[in-house]
1. Mind listing just one residue for me: the one in the stretch 38-83 that is not in a helix (DSSP H, G or I) and not charged (D, E, K, R) and, of those, farthest from residue 28 (Cα to Cα)?
2. Taking the stated definitions as given, is residue 13 free of Cβ contacts under 8 Å to residues at least 24 places away in the same chain, β-branched (Val, Ile, Thr) and surrounded by fewer than 12 Cβ atoms within 10 Å (Cβ to Cβ)?
3. Every residue in the stretch 16-32 that is open to solvent by less than 80 Å² (accessible area, probe 1.4 Å), of a type in the set (Gly, Ala, Ser) and modelled with pLDDT under 85, please.
4. In the stretch 41-64, how many are open to solvent by less than 50 Å² (accessible area, probe 1.4 Å), within 14 Å of residue 10 (Cα to Cα) and hydrophobic (A, V, I, L, M, F, W, C)?
5. Just to be sure, is residue 5 open to solvent by 40 Å² or more (accessible area, probe 1.4 Å), at pLDDT 85 or above and assigned to a loop (DSSP other than H, G, I, E, B)?
Amino acid sequence: MEDAGIGWIAAIIIGGLAGWIASAIMKTGTGIFLNIVLGIVGAAIASFLFGLIGVSFGGWFGYLIAGLIGACILIALVRAIRR
């Protein structure tokens, strides 16, 4: 989050939005709390993974995109583990 230049409150809001969009794309029935967690953790995971290949996201929009991609990855992993 420090790299993206946003604060904790903005991270929660953007993470919630990213998690909500990801849950709509992946068709899950998660609640608002899990959406926030998915978005924030997803952004951290996506930022790490993209950092390995030299891609970085900046600002609010970059954090939203990273959170969306990461949350979709997390949802897919949970589905794969449950099967």
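1. 54
2. Details: free of Cβ contacts under 8 Å to residues at least 24 places away in the same chain: yes; β-branched (Val, Ile, Thr): yes; surrounded by fewer than 12 Cβ atoms within 10 Å (Cβ to Cβ): no.
Taking the combined requirement at face value, the residue does not satisfy it.
3. 31
4. Number satisfying all stated conditions: 2.
5. Numbers: open to solvent by 40 Å² or more (accessible area, probe 1.4 Å): yes; at pLDDT 85 or above: no; assigned to a loop (DSSP other than H, G, I, E, B): yes.
Answer is no for this residue.
The values are calculated or read from the model by the stated rules, or taken from the named source; none is laboratory data. What you see is a predicted model; the values in this text were computed from it and never measured. Cβ coordinates were reconstructed from backbone atoms using ideal geometry, including for glycine residues, and neighbour counts include every protein chain displayed. All accessible areas refer to the heavy atoms of the entire protein, side chains included, with ligands and DNA or RNA removed. Shrake-Rupley method; radii C 1.70, N 1.55, O 1.52, S 1.80 Å.
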